[in-house]
1. Could you give the nm distance between label points at residue 28 and residue 104, where each point is 7 Å from its Cα heading toward the beta carbon?
2. At 0.36 nm per residue, and after removing the present C-alpha to C-alpha distance, how many nm does the segment from residue 17 to residue 52 gain when stretched out fully?
3. Can you say what percent of the DSSP beta bridges in the chain, counting only those with both residues inside, are antiparallel? Round to 5.
4. Residues of the range 30-59 with the amide nitrogen closer than 14 Å to a label point 7 Å from the Cα of residue 74, along Cα-to-Cβ, please.
5. Among 24, 9, 39, which comes first, second and so on when ranked by fewest other beta-carbon atoms within 10 Å?
6. Tell me, what is a quarter of the convex hull surface for the C-alpha atoms of the chain, in nm² with one decimal?
């Protein structure tokens, strides 16, 4: 990933319809992407490409939750592993050159 001037916000959702239900007061989604990924590192690559393209913006990424959790373990900023609650309707991260930082689901 190139050095980002400002992070991209990536919101992982279960399906494209879920992107329509994100809180608009918090997320203004510039793009919804549904990458074909089979491994956590495939997802990391797809997310980092989207983050490069949408710097400073919000992108919704359709991906299965178990794959998202594994990808978070791979690239959490500062080496700290962050696990979202299984009850959260979505998982949001800021993505920059330091890694991914999990965002809280509260507004």
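1. Between residue 28 and residue 104, the label points sit 2.4 nm apart.
2. Numbers: separation 35, 0.36 × 35 = 12.60 nm, distance 2.42 nm.
Contour length minus the Cα-Cα distance gives 10.2 nm.
3. On the way: 10 of 20 bridges.
Around 50 percent of the beta bridges assigned by DSSP in the chain are antiparallel ones.
4. 35-50
5. Values: 24 9, 9 23, 39 12.
By the 10 Å Cβ count, ascending, the order reads 24, 39, 9.
6. Working: hull surface 23.9 nm².
Mean projected area for the chain: 6.0 nm², to one decimal.
Bear in mind these aren't lab numbers, they're just calculated from the coordinates by the rules spelled out. As the structure is a prediction and not an experimental result, all values here were calculated from the model. As a convention, Cβ positions derive from the backbone with ideal geometry for all residues, glycine included, and neighbour counts pool all protein chains shown.
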